[in-house]
Structures are given as C-alpha cells and as structure tokens.
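Colleague: Submitted below is the structure of interest, expressed as structure tokens.
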Amino acid sequence: MNDFNETIKSATPTLVDFFATWCGPCKMQAPILEQVKQKIGDKGTIIKVDIDRNAELAAHYHVQSVPTLILFRNGEAIWRTVGVQQADLLVAKILENS
C-alpha cells in the first residue's frame, strides 16, 4: 500500500487499473493498456491493482465494478471510469494531465 501511495503522489499522471483475474472485460482491457503505455512513454505510469488481493484498497476508492480506471496526479483522483476503455481516450486523458 505504501508503494501505491508513493506512486500516485507523483506529478506524473498515474493510471490505476482496478481489475480481477476472473473478469472478462478486464482481460480485454489489459492489451489496450499495453498500447497506451507504448504511446505515452514516460509521460505517465500505469499500474494494475487486483481487487481480490487488495480488497481494502479497492474499498477505499469505492471500486464496485471492474475494470475501474482511476487517473491520479499529485495524490488526487482527477478522473475515473468503469468498463473497457479504448487506447485513444486513455492516452488523451493522460497526456492532457501530464
């Protein structure tokens, strides 16, 4: 949890993917996040949080459906969405906040 908190406190935007291994849409989101990482390079960070292994963290951020994507900058949640999102939207959100 400390690593998580340190990561989201960065001035660099951090996209957090709250997912579950049993979730079909989460499996669809994973390769999209790989594309996003390639497009943004060092302008943003992407981390994945397994809600089954990190239930307390998921509850803290009111994650009720997966995938839930939350964009953090300087420790603040600045954008969130639920469901599979396309790479172009995610890249745009990260870059406009970098």
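Colleague: How far apart, in nm, are the 7 Å Cα→Cβ label points at residue 3 and residue 88?
Modeller: In this crude spin-label approximation the distance works out to 3.5 nm.
Colleague: With +1 on each Lys and Arg Cβ and -1 on each Asp and Glu Cβ, and nothing else charged, work out how big the dipole of the chain is about its Cα centre, in Debye to the nearest 20.
Modeller: Dipole magnitude for the chain comes out near 180 debye.
Colleague: Using the Cα centre of the stretch 37-98 as origin and beta-carbon charges of +1 (Lys, Arg) and -1 (Asp, Glu), tell me which of 68, 95, 84 is placed farthest towards the positive end of the dipole.
Modeller: Toward the positive end, the furthest listed residue is 95.
Colleague: Within the chain, what whole-number % of the accessible surface is contributed by carbon and sulfur, with the 1.4 Å probe and all protein chains included in the calculation?
Modeller: Answer for the chain: carbon and sulfur cover 49 percent of the accessible area.
Colleague: Over the alpha carbons of the chain, what is the largest minus smallest coordinate on each principal axis, giving the biggest first in Å?
Modeller: Computed over the chain, the largest-to-smallest principal extents equal 29, 28, 18 Å.
Colleague: Take a quick pass over the chain and tell me how many lysine pairs come in under 14 angstrom between Cα atoms, counting only ones 8 or more apart or on separate chains.
Modeller: For the chain, the number of qualifying lysine pairs is 5.
Colleague: Would you please classify the overall shape of the stretch 53-98 from the alpha carbon gyration tensor, given that a ≥ b ≥ c denote the square roots of the eigenvalues, rounded means a/c under 1.5, and beyond that prolate means a/b larger than b/c while oblate covers the rest?
Modeller: Verdict is oblate for the stretch 53-98.
Colleague: With labels modelled as points extended 7 Å from the Cα through the Cβ direction, what inter-label distance (nm, one decimal) is found for residue 12 paired with residue 79?
Modeller: Rounded to a tenth, the inter-label distance reads 1.8 nm.
Colleague: In deg cm²/dmol and to the nearest 500, what is the mean residue ellipticity at 222 nm of the chain if only DSSP H runs of at least 4 residues count, each as -39500 (n - 2.57), divided by the residue total?
Modeller: Per the formula, -12000 deg cm²/dmol.
Colleague: Where nothing but the Cβ of Lys and Arg (+1) and of Asp and Glu (-1) is charged, how large is the charge dipole of the stretch 1-58 around its Cα centre, in debye to the nearest 20?
Modeller: 240 debye
Colleague: Right, another one. Please list 63, 16 in order of solvent-accessible area, largest first, computed with a 1.4 Å probe with all protein chains present.
Modeller: 63, 16
Colleague: Per residue, how much accessible surface does the stretch 1-69 expose to a 1.4 Å probe? Answer in Å², no decimals.
Modeller: On a per-residue basis, 58 Å².
Colleague: Of 41, 75, 83, which has the largest mean-square fluctuation in a 10 Å C-alpha GNM of the chain?
Modeller: Comparing 41, 75, 83 in the GNM, the peak value goes to 41.
Colleague: Still on this model: What list of ³J(HN,Hα) values in whole Hz, one per residue of the stretch 35-51 in order, does the Karplus curve 6.51 cos²θ - 1.76 cosθ + 1.60 (θ = phi - 60°) give from phi, with Gly and Pro shown as x?
Modeller: Calculated HN-Hα couplings, in order: 4, 4, 4, 5, 6, 8, x, 8, 7, x, 10, 10, 10, 10, 10, 6, 5 Hz.
Colleague: Taking the Cβ-Cβ separation of residue 55 and residue 34 as r and a Förster radius of 35 Å, what is the calculated FRET efficiency to the nearest 0.05?
Modeller: According to the calculation, E is roughly 0.85.
The values are calculated or read from the model by the stated rules, or taken from the named source; none is laboratory data. Just so it is clear, the structure is predicted and the values come from calculations on it, not from any experiment. Because the Cβ atoms are built from the backbone with ideal geometry, glycine has one as well, and the counts that use them run over all protein chains shown. With ligands, DNA and RNA removed, areas are computed over all heavy atoms of the protein, side chains included. Shrake-Rupley method; radii C 1.70, N 1.55, O 1.52, S 1.80 Å.
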